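Read-outs throughout are calculated quantities, based only on the coordinates presented, and are distinct from any laboratory measurement. No experiment lies behind these values; they were computed from the predicted model shown. Neighbour counts run over all protein chains shown; Cβ positions are idealised from the backbone, glycine included.
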Amino acid sequence: MKNTKIFIYLFALALLYIVFQQVNAGKKIKRDAQKIEELRGKLEKAGKVKDSLENETIELSYFDLRYDDYGSEYIEDLGFSIEAVESLILDTLLEANTVEKDNPFVPLVGMQGTTKIDRVKLLNHKWAIADFTDGTYWGQVLYLYELDKNKILKLDVISSHIYPKVK
């Protein structure tokens, strides 16, 4: 009799353990499923952000010689590489920055110092835009550039603008 009682207690204890494990596993499965759904939602949001950033990158690179197939082809047909043209124009514009006098490629005279070109971007095979400053005032200038077969660069100012000083 004693043996049967021990077996009954052991059986009941094993049964309780199995029920406990079953309930616990069910709760864990529900928690894991909930986490998976949350992660799917986050992944979907991240995918939308990625797509949005890709679209914005494409939009921002639209006016850029490196991504302009027609402009690149035009430059290469002249016998130049895009890198060589970029380098030539950047070097020409930036090397004209000096401490003593205004950059000769900026059509405006510095009001608080000498004008210096900060940035240059080649928009396509003919146009470049530059950002300039005299240390206080900022502006932009749009150039028409041409290259001949002898790698001689001709720059003409199309338009320029200086921003009013913001207090």
Taking the reciprocal of mean 1/r across every pair of different Cα atoms in segment 78-162, the Kirkwood radius in Å is 13.1
Sequence-distant residues sharing a close amide H with Trp127 (under 5 Å, placed H): Tyr145
Formal net charge of residues neighbouring Ser61 (Cβ-Cβ distance under 13 Å; K, R +1; D, E -1): -4
For the chain, the charge dipole (Cβ of Lys, Arg +1; Cβ of Asp, Glu -1; about the Cα centre) points to a positive end, and the Cα of Tyr74, Val157, Leu43 closest to that extreme belongs to Leu43
Over the alpha-carbon set of segment 1-60, work out the extent along each principal axis and list the three values in angstrom, largest first. 87, 10, 5
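Counting only Cα atoms, I'd like the Rg/Rh figure for the chain, Kirkwood definition for Rh. Walk me through the intermediate numbers first.
On the way: Rg = 34.5 Å, Rh = 21.9 Å.
For the chain, the value is 1.58.
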Using the Karplus curve 6.51 cos²θ - 1.76 cosθ + 1.60 with θ = phi - 60°, work out ³J(HN,Hα) for each residue of segment 133-138 in order, rounded to whole Hz, and write x for Gly and Pro. 8, 10, x, 10, 9, 10
Given Ile58, Pro107, Asn3, which one lies farthest toward the positive end of the charge dipole of the chain, if we put +1 on the Cβ of every Lys and Arg and -1 on the Cβ of every Asp and Glu? Asn3
Within 15 Å, Cβ to Cβ, of Gln34, how many net charges do the neighbouring residues add up to if Lys/Arg are +1 and Asp/Glu are -1? +4
Need the list of lysines near Lys35 for cross-linking: C-alpha distance under 21 angstrom, and skip anything on the same chain fewer than eight residues off. Lys27, Lys45, Lys48
